[in-house]
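Student: Pasting in a structure now, in structure tokens, and then I'll have a few things to ask.
The values are calculated or read from the model by the stated rules, or taken from the named source; none is laboratory data. Treat the numbers as computed from the prediction; the structure is a model and nothing was measured. For neighbour counting, all protein chains shown are included, and Cβ atoms are generated from backbone atoms with ideal geometry for every residue, glycine included. All accessible areas refer to the heavy atoms of the entire protein, side chains included, with ligands and DNA or RNA removed. Shrake-Rupley method; radii C 1.70, N 1.55, O 1.52, S 1.80 Å.
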Amino acid sequence: MCLVTGHPGPRSVFVTVFANQIFRYWFLAIALVSPVFAAGSPAPHVSVFVDATETPRKIFHARMTIPAKPGTLTLYYPKWIPGEHGPTGPIEDLAGLKFTANGQTLSWRRDLLDGWTFHVEVPAGTSSVEASLDFISPAGPGGIYTSGATATDRMAVINWNAMLLYPGGWTSDELTYEATLKLPTGWKFGTSLPVSAEATDQFNGQRQITFKPVSLTMLVDAPVITGQYLKVVPLNPGQTPPVELDVAADSAAALEPPADVWEHFKNLVTQSGLLFGAQHYRDYHFLYSLSDHVAHFGLEHHESNDSRLGERALVDSSARLLGSGLLSHEYVHSWNGKFRRPADLATPDYEKPMQTDLLWVYEGLTTYLGEILTGRDGERTPEQFREALAYTAADLDHRPGRTWRNLQDTADGVPSMQDAPRQWESWRRPLDYYEEDELNWLWADTIIRQQTHGQKSLDDFCRSFHGAPSGPPQVKTYTFEDVLNTLNQVAPYDWRGFWTERLRNHGPGAPLGGIEGSGWKLVYDDVRSELVRAREGDRGTVNAAYSIGLWLKGDGSVTDTIEGMLAAQAGIGPGMKVIGVNGRKFSAEILRDALREGKNSPNPLELLVENTEYYKTFKLDYHGGEKYPHLVRDDGKPDLLSDIIKPR
Ligand SMILES: [Zn+2]
């Protein structure tokens, strides 16, 4: 997964973690390689009908027929959603719940210890229960991942896990679901879910699609994108397995980007194939939403990804730069995260808690590979790639939270911490196993190249760990030991020592060994890169983080201060608002001018700040000018970084 937020910091993308030892060992015992498909057992066959014709009102109606026996029927609303790494199933958006059997309304009660569990009283003589529910999609900001806004007047993404219940006592691989979906008049759709029948109502033009029966696992793996404006772009025409992009937007104009956009996505498929050497899907669909009115994130599946950015993400050059890397990240997850998955993250249903300690592989390695693929597929120039890497390194190099919290804990704590507010982020420490592990996997890549005198690279690890044989979706679980073993097969080294240090250290500073080992150095100057300007423009933010330790919104509101740097030392904190700079009304330009002029002035920088209805002037004795990060060549070392992002 990958969360795209409005944070002033460099992070554009994020993702994933969990705890039941009994389950863990049971699972390890039965399956190192397990099919994701129904095992042919006598498990229930459930039909689910979703009426999406009221999408513009953001309400979806679902009806289910669930086999049942007299007594208490326990049903679950999916809670631990794959790829979301937490108990994020949007239970607060479930409404209109009703159960009937033989025309009688049945009584039900929510479990007192788990709000996602329902107990239904089934009378004698009953063989199945009709369940109906509404999913009321959030209409505004708020909610993370699939619990965020998902529908507009012109498009929607149907995530099946939000629209159904499932009976207890079976794994999601064992349960079979047959889904039917009704769409608004004239809307098209895209999905990896195999279709068995389609019909259009001759009176109202509404399309109804019946899908082939699949396991509950594969139903949840296959969301449907639908909309009035939807474009289908084949990304590897004539090849097997097929890959296509299904992109829906709030306008037709958003679907007419420069032609190189589609070429780069085609290159992404080619370059990913060369990187891994195999595929673990039968038919892959990028489901890409372009809207300013849906939550922005990416969520991975075996055979698709649900990725969402702003309406102009493909047609506006700044938005395109900021969005680059999201689709490559989610596509890489088909190999790293879905096919190869940490054993304690691979759960049998959506009720068992997940454990997130290995997200530094699941998400960290995916972040690294997703980023380097933006260079290999051409979506970023080498300079744009380096500016993005510099930004990531600079942000992590100004992360005082590492003094109390190591990188491992950022992964371990995900289920309870991932929805934390952005204020105090640098001290609390956010989901650093994404971006800090991008730096760490770059470091590992340079070590492999050095140890093997350029004969091998992390590509060899990926081919061995994630590659052949190709085939339909399956889950092949792994442990920390498996990662170390494969690394040692590629290039013998003290990988245990390397990763233990990387995961448990408390700094100081970011792990820059990969940047330095690949022939580059992190430096700061007063030049805002294209990326810094794009981020500030897109989010209305001001980045004074590396000069005085201050992140601001465009109106002067302080979103974060960096402990130990001048603004924090002076007494400024998140939630305050800068309203004046050296006696003049605040603006981003006025603050930047003042930072620049301070280099040649003995006077302190004076910030007039409002805090809970009180005003105060803070004086910062700062004369270092503006500071923005860049990478510059270290001529004493070979340029491995440029090799890493060259197309294969
Ligand atoms: Zn991810």
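Student: Out of (1) part of a strand (DSSP E or B); (2) modelled with pLDDT of 95 or more; (3) farther than 17 Å from Asp397 by Cβ, the odd one out for Leu631 is which?
Tutor: Every condition holds for Leu631 apart from (3).
Student: Does Thr500 count as of a type in the set (Val, Ile, Thr) and within 24 Å of the chain's Cα centre (by Cα)? Please lay out each step first, then the result.
Tutor: Details: of a type in the set (Val, Ile, Thr): yes; within 24 Å of the chain's Cα centre (by Cα): no.
No, not satisfied.
Student: Across the range 312-333, what is the total count of residues that are touching a strand residue (DSSP E or B) at 6+ places or on another chain (Cβ under 7 Å) and more than 11 Å from the ligand (Cβ to nearest atom)? Show your work before the answer.
Tutor: Residues of the range 312-333 touching a strand residue (DSSP E or B) at 6+ places or on another chain (Cβ under 7 Å): 313-314, 323, 326-327, 329-331, 333.
In the following step, the residues that additionally are more than 11 Å from the ligand (Cβ to nearest atom) were identified as 313-314, 323, 327.
Summing the residues that are touching a strand residue (DSSP E or B) at 6+ places or on another chain (Cβ under 7 Å) and more than 11 Å from the ligand (Cβ to nearest atom) in the range 312-333 gives 4.
Student: Scan (1) in a helix (DSSP H, G or I); (2) open to solvent by 30 Å² or more (accessible area, probe 1.4 Å); (3) more than 28 Å from Val558 (Cα to Cα); (4) in contact with a Gly (Cβ under 7 Å, 6 or more places away or on another chain) for the single condition Glu481 breaks and write down its number.
Tutor: (4)
Student: Any idea which of Ala390, Ala343 is surrounded by fewer than 24 Cβ atoms within 10 Å (Cβ to Cβ) and either within 16 Å of the ligand (Cβ to nearest atom) or at pLDDT 95 or above (or both)?
Tutor: Working: Ala390 fails: surrounded by fewer than 24 Cβ atoms within 10 Å (Cβ to Cβ).
Residue meeting the stated conditions: Ala343.
Student: Given the condition within 30 Å of Gly625 (Cα to Cα), in contact with a Phe, Trp or Tyr (Cβ under 8 Å, 6 or more places away or on another chain) and of a type outside the set (Ser, Thr, Tyr), answer yes or no: does some residue in the range 458-480 qualify?
Tutor: Taking the range 458-480 first, the residues within 30 Å of Gly625 (Cα to Cα) are none.
The answer is no, given that none of the residues of the range 458-480 is within 30 Å of Gly625 (Cα to Cα), in contact with a Phe, Trp or Tyr (Cβ under 8 Å, 6 or more places away or on another chain) and of a type outside the set (Ser, Thr, Tyr).
Student: Among Thr367, Thr374, which is the only one that is open to solvent by 10 Å² or more (accessible area, probe 1.4 Å), within 16 Å of the ligand (Cβ to nearest atom), touching a residue at least 12 places away in the same chain (Cβ under 8 Å) and in a helix (DSSP H, G or I)? Walk me through it before giving the result.
Tutor: On the way: Thr374 fails: open to solvent by 10 Å² or more (accessible area, probe 1.4 Å).
Going through Thr367, Thr374 in turn, the sole match is Thr367.
Student: Same structure, new question: Scan (1) of a type in the set (A, V, I, L, M, F, W, C); (2) in a helix (DSSP H, G or I); (3) open to solvent by 10 Å² or more (accessible area, probe 1.4 Å) for the single condition Val294 breaks and write down its number.
Tutor: Val294 satisfies all of (1) of a type in the set (A, V, I, L, M, F, W, C); (2) in a helix (DSSP H, G or I); (3) open to solvent by 10 Å² or more (accessible area, probe 1.4 Å) except (2).
Student: Let me ask something else. Look at the range 246-274 and say how many of its residues are of a type outside the set (Val, Ile, Thr) and over 17 Å from Leu373 (Cα atoms).
Tutor: Within the range 246-274, the first condition is being of a type outside the set (Val, Ile, Thr), and the residues that meet it are 246, 248-260, 262-268, 271-274.
Going one step further and asking which of them are over 17 Å from Leu373 (Cα atoms), we end up with 246, 248-259.
Qualifying residue count, the range 246-274: 13.
Student: Name every residue in the range 604-648 that is open to solvent by 80 Å² or more (accessible area, probe 1.4 Å), closer than 23 Å to Ile579 by Cβ and touching a helix residue (DSSP H, G or I) at 6+ places or on another chain (Cβ under 9 Å), in order of residue number.
Tutor: Within the range 604-648, Lys619, Asp621 meet the criteria.
Student: Would you list the strands (runs of 3 or more DSSP E) that sit entirely within the range 7-87 and hold 1 or more residues that are at pLDDT 50 or above?
Tutor: Values: elements: 33-35, 45-51, 59-67, 71-76.
Because the criterion is at least 1 residues that are at pLDDT 50 or above, the strands (runs of 3 or more DSSP E) in the range 7-87 that meet it are 45-51, 59-67, 71-76.
Student: In the range 552-603, which residue that is more than 20 Å from Thr403 (Cβ to Cβ) and polar (S, T, N, Q) is surrounded by the fewest Cβ atoms within 10 Å (Cβ to Cβ)?
Tutor: Taking the candidates together, the pick is Asn600.
Student: Among the residues of the range 346-358, is there at least one that is outside any loop (DSSP other than H, G, I, E, B) and within 15 Å of the ligand (Cβ to nearest atom)? If you could, list the steps in order and put the result at the bottom.
Tutor: Step one: list which residues in the range 346-358 are outside any loop (DSSP other than H, G, I, E, B), which gives 355.
Checking which are within 15 Å of the ligand (Cβ to nearest atom) leaves us with none.
Within the range 346-358, none of the residues are outside any loop (DSSP other than H, G, I, E, B) and within 15 Å of the ligand (Cβ to nearest atom).
Student: Applying the selection to the range 503-517, what residues are within 27 Å of the chain's Cα centre (by Cα), surrounded by 20 or more Cβ atoms within 10 Å (Cβ to Cβ) and under 29 Å from Glu383 (Cβ atoms)? Walk me through how you get there before you give the answer.
Tutor: Kept after step one, since they are within 27 Å of the chain's Cα centre (by Cα), are these residues of the range 503-517: 503-507, 509-515.
Retained after the next criterion (residues that are surrounded by 20 or more Cβ atoms within 10 Å (Cβ to Cβ)): 503, 510-511, 514-515.
Passing the criteria: Ala510, Pro511, Gly514, Ile515.
Student: Please list, ordered by first then second residue, the pairs with beta carbon atoms under 9 Å, 6 or more apart or interchain, first in the range 303-332 and open to solvent by 10 Å² or more (accessible area, probe 1.4 Å) and part of a helix (DSSP H, G or I), second within 16 Å of the ligand (Cβ to nearest atom) and β-branched (Val, Ile, Thr).
Tutor: Between residues of the range 303-332 that are open to solvent by 10 Å² or more (accessible area, probe 1.4 Å) and part of a helix (DSSP H, G or I) and residues that are within 16 Å of the ligand (Cβ to nearest atom) and β-branched (Val, Ile, Thr), the close pairs are Leu322/Val4; Gly323/Val4.
Student: Here is a list: Thr500, Thr446, Thr486. Which entry is farther than 25 Å from Leu396 by Cβ, of a type in the set (Val, Ile, Thr) and in a helix (DSSP H, G or I)? Steps first, please.
Tutor: On the way: Thr500 fails: farther than 25 Å from Leu396 by Cβ; Thr446 fails: farther than 25 Å from Leu396 by Cβ.
Unique residue meeting the criteria: Thr486.
Student: Within the set of pairs 6+ apart or on separate chains, which have a first residue in the range 554-565 that is aliphatic (A, V, I, L, M), a second that is in a strand (DSSP E or B) and modelled with pLDDT of 95 or more, and C-beta atoms under 6 Å apart?
Tutor: Val558/Leu552
Student: When you scan the range 109-190 for strands (runs of 3 or more DSSP E) that lie fully inside it, which ones turn up with 3 or more residues that are surrounded by fewer than 20 Cβ atoms within 10 Å (Cβ to Cβ) and touching a strand residue (DSSP E or B) at 6+ places or on another chain (Cβ under 7 Å)?
Tutor: Details: elements: 117-122, 128-136, 155-158, 176-182.
Here the list reads 117-122, 128-136, 176-182.
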